[in-house]
Amino acid sequence: MRAIPTEIPDVIILEPQVFGDSRGFFMESFNSSKFREATGADVDFVQDNHSRSARGVLRGLHYQIQNAQGKLVRVVQGTVFDVAVDIRKSSTTFGKWVGVELSDTNNRQLWVPPGFAHGFLVLSETADFLYKTTDYYAPQHERAIVWNDGEIGIDWPSGVEPKLSTKDAEGLSLSTAEVFP
């Protein structure tokens, strides 16, 4: 597994080694000791999630203010633009974001630690998105920051009209959202 640093040191792109030939491919999608070595994070993943979304669906920017979740995310079918926003008030990168394309062809994964808001935009006709979490889903603690907050200034890919849930369309701005200390 190769670790690729991002502009925010705690957010890391992971590229697994893929062994392929004319019959297909094999890759180790998760290995606890290799993950710990690549990220420095000693975490226990407690829940796996799978979502399927159509082109243009934008999910996020989500986080849990209590029971904060670290997420290891990847795409097994299709392509998404995946985003992590640092919402730790004490961080030197507070309000900064990192975006990376995840797809079934590049096999990249993104480690999004607790303390970050997370979201993605589907660029392909459909996308199957998998993610491991370090804490359980707790809807009473879930929060959303609006995807197009000018204070954050995410440079979402053009040419795709975002389709939002009501919850995501009503997300708060970073300046009014509940954030981490």
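FYI, it's all coordinate maths here, none of it is from the lab. No experiment lies behind these values; they were computed from the predicted model shown. No Cβ is skipped: glycine too gets one built from the backbone with ideal geometry, and neighbour counts run over all protein chains shown.
The set of residues from the stretch 11-24 being in a strand (DSSP E or B), of a type outside the set (Val, Ile, Thr) and either over 25 Å from Trp97 (Cα atoms) or out of contact with any Lys or Arg (no Cβ under 9 Å at 6 or more places or on another chain) (or both) comprises Phe19, Gly20, Asp21, Gly24.
Screening Glu101 with (1) in contact with a strand residue (DSSP E or B) (Cβ under 8 Å, 6 or more places away or on another chain); (2) more than 19 Å from Pro157 (Cβ to Cβ); (3) free of Cβ contacts under 8 Å to residues at least 24 places away in the same chain gives one miss only, at (2). Just one of (1) in contact with a Phe, Trp or Tyr (Cβ under 7 Å, 6 or more places away or on another chain); (2) farther than 15 Å from Gly60 by Cα trips up Val85, so point out which. Every condition holds for Val85 apart from (2). Name every residue in the stretch 64-76 that is closer than 16 Å to Lys132 by Cβ, touching a residue at least 60 places away in the same chain (Cβ under 8 Å) and of a type outside the set (D, E, K, R), in order of residue number. Across the stretch 64-76, the qualifying residues are Gln64, Asn67, Ala68, Gln69, Gly70, Leu72. Residues that are among the aromatic types (Phe, Trp, Tyr) and either in contact (Cβ under 8 Å) with a residue 24 or more places away in the chain or assigned to a loop (DSSP other than H, G, I, E, B) (or both) were ranked within the stretch 25-52; the one that is surrounded by the fewest Cβ atoms within 10 Å (Cβ to Cβ) is Phe30. Among the residues of the stretch 118-160, just one is surrounded by 16 or more Cβ atoms within 10 Å (Cβ to Cβ), among the acidic types (Asp, Glu) and within 15 Å of Gly70 (Cα to Cα), namely Asp135. If the condition is being out of contact with any Pro (no Cβ under 8 Å at 6 or more places or on another chain), surrounded by 17 or more Cβ atoms within 10 Å (Cβ to Cβ) and of a type in the set (A, V, I, L, M), then the stretch 68-90 contributes Leu72, Val73, Val75, Val80, Val83, Ala84, Val85, Ile87. The conditions of being surrounded by fewer than 15 Cβ atoms within 10 Å (Cβ to Cβ) and either in a strand (DSSP E or B) or in contact with a strand residue (DSSP E or B) (Cβ under 9 Å, 6 or more places away or on another chain) (or both) are not met by Thr93. When restricted to residues that are surrounded by 13 or more Cβ atoms within 10 Å (Cβ to Cβ) and touching a Gly at 6+ places or on another chain (Cβ under 7 Å), the stretch 161-176 contains 4.
Scanning the stretch 136-150 for residues that are outside any loop (DSSP other than H, G, I, E, B) and among the charged types (D, E, K, R) gives Glu142, Arg143.
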